[in-house]
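Notes follow once the structure below has been shown.
The values are calculated or read from the model by the stated rules, or taken from the named source; none is laboratory data. Remember, predicted model here, so these are calculated numbers, not experimental data. Positions of Cβ are backbone-derived with ideal geometry, glycine not excepted, and every protein chain shown enters the neighbour counts.
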Amino acid sequence: MPETETVQLFITCLVDSFFPSIGEALVHVLNRAGVRVEFPVEQTCCGQPAFNAGLRSQARPLAEHTIQVFEKTTGEIIIPSGSCAAMLKYGYPELFEGDPDWLAKARLLAGRVHEFTEYLVDVRGISDLGSRWPGKLTYHPSCHLLRMLGVDRQPRLLLAGVKDAEIVELPERTDCCGFGGVFSVEHPELSAEFLKRKISNLEKTGSPTLVVCDTGCLMHIQGGLHRLDKGQRVVHIAQVLDTR
Amino acid sequence: MSVKTFRERIRESIADENLQIALDGNARHRTLGRLEAFSAFPDYQERRERLHAIKADVISHLDKYLEQFIARVTANGIQVHRAADAQAAIRIFLEIAREHNANLVAKSKSMLSEEINFNHALEAAGLKVVETDLGEYIVQLRGERPSHILTPAVHLRRGQVGQLFHEKLGVPYTEDIPEMVATARHVLREVFLNAELGVSGVNFGVAETGTLCLVTNEGNGRMVTNLPPVHVALMGIERLVPTLDDLAQFLMLLPRSATGQKLSAYTSLINSPKGRLDVDGARERHLILVDNGRLALQASPLAESLYCIRCGACLNACPVFREISGLAYLGKDGSIAPYPGPIGSVLSPGLLNCENYGQLAQASTLCGACKEACPVNIDLPELLLRVRAGEAGEKSKNQRHDEGIGIPPIVKLGLMVYRLAGGIPPLFSLGQWLGGLISRVYSPRHKYMRLPAWTGWGYSKEFPRLETQAFRTRWKGIKQEVNSGDQSIRKADITPVPEPKPARSLADQFTEELSLLGVKVYRLPEMDCKASLAEFLNERTIEQVCVDSVGENYVNGVAIVRTQDPTVRAGVTGVFVGIADTGSLVLVGGEDSPLTASLLPDIHIAILKESDLVPTLADALAKPEIQSATAAVVITGPSRTADIEMTLTIGVHGPKELHVFLIS
């Protein structure tokens, strides 16, 4: 067991506003991993929605705000979302390209950023948290987590360590669920097709529970399941790891 | 008539059942093919990084490489023309056509020709231009644009093609793909033989040697560059690689990414027009180098899109393309973008008209499947983001477009409000609380609310309620008990160790690769070769053959034809070198070595000595003869196509059978 450590939590606006209980689970799990959590309360949104829409002048003030909030803190920054982590790690340096002062700050910040599972496995060296989840689980790798951060082995390793859980493979698992931020409202027809395919693949697994590391995918797929009156539930990996 | 919008076309595409089946088939087939092809490359990532670095060098020093390339091509005897834009390219071409009194033009596939609306301009000038790639021929007959840069008729099913051939070519309706392919072979063979001009694209230009490289599977690329007396190649100025060795690196990944093949059936390397003593080849060759916005793109934040080698892998991997096909990427004016898919949503606005095609970049979840599939590791999501941010203009001239191009005003407004609240934490908290309250009033019972369809979200899913107690409100109440015991287990090392492969002889490897391509290899000693060949020809009642100077030595008892006679059923040729790891044959043209002997007959018999095997394509291209010959071709299996319903069919334009006599 490594020594205890203190980290900063960037909760993401989706967890903050829609799924605070995921945040609570996350704190419990980090505590169990020997990590004390601090939460700078002035944090808001990382600016990704505006950035991905191409509205860089709108994204920039939010990015500056986020940088200023975390500048005052020390320690690693933990984010329960691959796509927000990728925004801080890769989006900010792109956003501040051509502005040396802010670029330097953005790079400093980027160096501290970790997605939740990547932090647990690669930084803390943990693969088993003594969690228990009776029944089938299947895992959907979120696109930014998988392809921008290259994080896939870590959540799988953590899930493999969950007692009583039967992990089944999701067919065509690396296909996008169709969320994509503003894409989901701007191109609803395309988004609906991706979602349909994801849900049909989930049904093929026979698993009642789909695990994700991003709340964007969670609210999208769960929203689709509710619309279709399906019984499957989507959970964040922190909720699985928090169960004993 | 009102212009069809992008979203209307998306809806139509999704509702088109035939299209959906065709596109699902394409995505599955191509993705599997690509993954399988790369499973043999544990160093795949390094290889694509290398290609990325080569292209980065070429694009950032484009002037230098272009100058070197043009000098070499000119010295090789090919006439070089530079065209600043589409009009100039067409004017130059029409002048060449006029000079030769051309009426019939045989054309192989070129995306550049789509970009500059080439066929339309030629027809307007009274020329008849015939597309000879099967898929391209089909869409030309239908009066359509290609729906995929590689498989232009990917949106069609066999019945639609059968009906088309029945209506346009007067043949009986059939759903038999080999029969349809045979019809096209027959019709297009006449075009090859009668065209006064052959037009091709160029996959790669080699700066160091002035070589034009052309990759095709059907053999039409070889036909249009060899049979008509005049050949005109159209090439975008960015399609350069520095050296032949670099070319080999690119060729190792291009077909694997495109079709899952180790090499395409025919890789043509063209250095110069037919020499004085050569038996075949075009006697005059022209190269039209087209800018058409490329230099401006090079100076913009989208320069990386110029690294593209047009393999189509990003289209096959893209979940959006999979729903709509290349025919649905519409500009604001309702026109189909010349380049579809992820790369097209960068190239079309970047190269042509950002105001018109910029909206295409919004049709992406930024899932990154395109980048992952790209053999040159082009950061497509990043480039799409830059198009969205209005950065398609030239950096130095400070050209910018409006940011958030294509985003509906209501979404823009929403994001602005969110930004304002996000800058003031107390206001953000208040907004969360209010949102929580409102959503509770809107949906008192269910945690997920039903929104109307016009919101976009409500079209296919419910939306979660906001919590009145956000995480930031709950934070103070969370008690932390940090574990300092040792319940947790350290992670195990899970890196798998790859198993070393047993070494095989070059001859074994070569034979195995060819057998995977359905090619029979006869391994025999030199002294038996003549008799075996005679027996082979006798069995098939072949009475005359065309030959090159090597083939001639082995032919016994049948007539030898030295002219380009399309009725001869078999060609017997030597092989300059064989490539073991792809099962390829390299043939070098020149005096006494007609390249058409391995192209026009139905059966190609190649004779190769084991001692002439080399391990890889790079080893073959390193031979000095590749540079000094008029032209060379790398043959990997018989002529083939998968243009109709992804169904592999052998013998489109080139030989239907390939037999290799490997002499020990």
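For segment A:113-155, the tally of residues that are charged (D, E, K, R), surrounded by fewer than 18 Cβ atoms within 10 Å (Cβ to Cβ) and assigned to a helix (DSSP H, G or I) stands at 2. Residue count for segment B:261-278, restricted to those that are in a loop (DSSP other than H, G, I, E, B), of a type in the set (A, V, I, L, M, F, W, C) and buried (at least 21 other Cβ atoms within 10 Å of the Cβ): 2.
Taking segment B:513-536 as the range and being touching a Gly at 6+ places or on another chain (Cβ under 8 Å) and surrounded by 14 or more Cβ atoms within 10 Å (Cβ to Cβ) as the test, the residues that pass are B:Glu513, B:Leu514, B:Leu517, B:Val519, B:Ala534. Looking at segment A:187-244, the helices (runs of 4 or more DSSP H) lying wholly inside it that each contain 1 or more residues that are more than 11 Å from chain B (Cβ to nearest Cβ) and without any contact (Cβ under 8 Å) to a residue 40 or more places away in the chain sit at A:188-205.
Might you let me know whether segment A:65-76 holds any residue that is outside any helix (DSSP H, G or I), surrounded by fewer than 24 Cβ atoms within 10 Å (Cβ to Cβ) and under 17 Å from the mean Cα position of the chain (by Cα)? Quick ask: steps written out before the conclusion?
The first filter runs over segment A:65-76 and keeps only residues outside any helix (DSSP H, G or I), leaving A:72-76.
Going one step further and asking which of them are surrounded by fewer than 24 Cβ atoms within 10 Å (Cβ to Cβ), we end up with A:72-76.
Right, trim to under 17 Å from the mean Cα position of the chain (by Cα) and you get A:76.
Yes, segment A:65-76 contains a residue that is outside any helix (DSSP H, G or I), surrounded by fewer than 24 Cβ atoms within 10 Å (Cβ to Cβ) and under 17 Å from the mean Cα position of the chain (by Cα).
Just so you know, in segment B:509-544 the residues that are under 17 Å from B:Val572 (Cβ atoms) and either outside the structural domain of B:Ala570 (by TED's automatic domain parsing) or of a type in the set (Val, Ile, Thr) (or both) include one that is farthest from the chain's Cα centre (by Cα), and it is B:Thr541. Could you check, for segment B:162-173, whether at least one of its residues is buried (at least 24 other Cβ atoms within 10 Å of the Cβ) and of a type in the set (A, V, I, L, M)? No, segment B:162-173 contains no residue that is buried (at least 24 other Cβ atoms within 10 Å of the Cβ) and of a type in the set (A, V, I, L, M). Within segment B:338-387, the set of residues being away from chain A (no Cβ under 12 Å), touching a Lys or Arg at 6+ places or on another chain (Cβ under 6 Å) and hydrophobic (A, V, I, L, M, F, W, C) comprises just one member, B:Val376.
Has segment B:630-638 got at least one residue that is touching an Asp or Glu at 6+ places or on another chain (Cβ under 8 Å) and assigned to a strand (DSSP E or B)? Show your work before the answer.
First pass over segment B:630-638, keeping only residues touching an Asp or Glu at 6+ places or on another chain (Cβ under 8 Å): B:630, B:632, B:638.
Right, trim to assigned to a strand (DSSP E or B) and you get B:632.
The answer is yes, given that some residue of segment B:630-638 is touching an Asp or Glu at 6+ places or on another chain (Cβ under 8 Å) and assigned to a strand (DSSP E or B).
Taking segment B:227-260, which residues are closer than 16 Å to B:Ala620 by Cβ, of a type outside the set (A, V, I, L, M) and in a helix (DSSP H, G or I)? Result: B:Asp245, B:Asp246, B:Gln249, B:Phe250, B:Pro255.
Here are some residues: B:Ser348, B:Ser325, B:Ser300. Which one is without any contact (Cβ under 8 Å) to a residue 40 or more places away in the chain and over 23 Å from B:Thr211 (Cβ atoms)?
After applying the criteria, what remains is B:Ser348.
For segment A:18-52, residues that are among the polar types (S, T, N, Q), assigned to a helix (DSSP H, G or I) and within 20 Å of A:Lys89 (Cβ to Cβ) total 2.
Mind counting the residues in segment B:401-435 that are in a helix (DSSP H, G or I) and either aromatic (Phe, Trp, Tyr) or at the interface with another protein chain (Cβ under 8 Å from one of its Cβ atoms) (or both)?
So the count comes out to 13.
Condition check for A:Phe39 on (1) more than 7 Å from chain B (Cβ to nearest Cβ); (2) touching a helix residue (DSSP H, G or I) at 6+ places or on another chain (Cβ under 7 Å); (3) surrounded by fewer than 23 Cβ atoms within 10 Å (Cβ to Cβ): one failure, at (1).
Tell me whether segment B:187-194 contains one or more residues that are assigned to a helix (DSSP H, G or I), on the phi < 0 side of the Ramachandran plot and β-branched (Val, Ile, Thr).
Looking only at segment B:187-194, we keep the residues that are assigned to a helix (DSSP H, G or I), and these are B:187-194.
Within this subset, residues satisfying the condition of being on the phi < 0 side of the Ramachandran plot are B:187-194.
Restricting the remaining residues to those that are β-branched (Val, Ile, Thr) gives B:187, B:191.
So far as segment B:187-194 goes, yes, one or more of its residues are assigned to a helix (DSSP H, G or I), on the phi < 0 side of the Ramachandran plot and β-branched (Val, Ile, Thr).
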